Amino acid sequence: MTPEHCLYFDGKFIPARMLVNGGSIAYDRSFSRYDYYHIETADYSVIFAVSMPTESYLDTGDRAAFRQTGDVIPIPKRVLRNWEMDAAAPLLTARREVEPLFRLLAQRSKELGFPPAEIAAQIVKDSNLHLVTEEGEILRPTRKVEDRVVFTLPAHCRQVRIVSRAARPSDVIGPFLDDRRHLGVLLSQVTLWDAAQTQDIDLGELSTSGWYPLDGGLRWTNGDALLPVETREFQHSRMLALRVVAGGPYIEDDRATIAA
């Protein structure tokens, strides 16, 4: 079963990846290639695979990615379906409903004698937040005041990368959390100033790499976000303040410092 394939519980479908406990439900990484056959019924249905209730194939637009072998060539009817109108049962991904089932299955796995999942890495809260200039110079914070992290930018600096650890909530909190974004830090404000002026950089206007879409005036980085800071001619160093409202937990990894 692939991670995205759904299992059927109490009248609802839940993606298998959200129930992985490392014991009774685990990823098999012993091979990298395999043949996979979809089973499609006239109507999208609940079917049983080795006594496990699961789903038949629902064509939501990915049929063109299938590989056909043999002399028989199908002529698809190309009637696309969707979860809202054609699902045999509702799709469930909300943490408040998935986590209790995850905990129940994890406890059952333990009672059945499956070994506990190995801890792959240390979980840390420190974001290791820093900047990297165009020349590859690493800039550490000069001071921190509550949620504001302040950096000194060298003269003639035109852009910096906001670099930090990044992690997927589904990895560091649990697979029952349906958030697989690689999240760095969540910013509410970016301020640039020198002796002459102070300027707030509009987070919503940033179109450079490394940023997730603006959400309620806040914006996540992916751990390596490009920030232009060239606003006018300048000859002296300037200050850059990042207001960090959230971040972490993270998986400890010395690769958090990214070279230019």
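Numbers below:
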{"quantity": "Any hit, segment 128-143, residues being surrounded by 13 or more Cβ atoms within 10 Å (Cβ to Cβ), among the hydrophobic types (A, V, I, L, M, F, W, C), assigned to a loop (DSSP other than H, G, I, E, B) and within 20 Å of the chain's Cα centre (by Cα)", "calculated": "yes"}
{"quantity": "Residue list for segment 168-207, filter: touching a His at 6+ places or on another chain (Cβ under 7 Å) and either under 30 Å from Leu105 (Cα atoms) or at pLDDT 95 or above (or both)", "calculated": "Arg168"}
{"quantity": "Members of segment 46-61 found to be part of a loop (DSSP other than H, G, I, E, B), surrounded by 10 or more Cβ atoms within 10 Å (Cβ to Cβ) and modelled with pLDDT of 65 or more, listed by number", "calculated": "Ser56, Tyr57, Leu58, Asp59, Thr60"}
{"quantity": "Subset tally (residues that are of a type in the set (S, T, N, Q) and either surrounded by fewer than 17 Cβ atoms within 10 Å (Cβ to Cβ) or on the phi > 0 side of the Ramachandran plot (or both)) for segment 12-26", "calculated": "1"}
{"quantity": "Residue in segment 27-45 that is modelled with pLDDT of 90 or more, aliphatic (A, V, I, L, M) and out of contact with any helix residue (DSSP H, G or I) (no Cβ under 7 Å at 6 or more places or on another chain) present", "calculated": "no"}
{"quantity": "Residue tally, condition at pLDDT below 95, buried (at least 18 other Cβ atoms within 10 Å of the Cβ) and touching a Lys or Arg at 6+ places or on another chain (Cβ under 9 Å), over segment 217-249", "calculated": "2"}
{"quantity": "Filter result for the condition that a residue is surrounded by 19 or more Cβ atoms within 10 Å (Cβ to Cβ), hydrophobic (A, V, I, L, M, F, W, C), assigned by TED's automatic domain parsing to the domain that holds Arg238 and within 25 Å of Val124 (Cα to Cα), over Leu153, Leu183", "calculated": "Leu183"}
{"quantity": "Tally, over segment 1-45, of residues that are within 22 Å of the chain's Cα centre (by Cα), in contact (Cβ under 8 Å) with a residue 24 or more places away in the chain and part of a loop (DSSP other than H, G, I, E, B)", "calculated": "10"}
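The values are calculated or read from the model by the stated rules, or taken from the named source; none is laboratory data. Every value quoted in this text rests on a predicted model; they were computed, and no experiment measured them. When we count neighbours, we look across all protein chains shown, and the Cβ atoms used for this are built from the backbone with ideal geometry, even at glycine.
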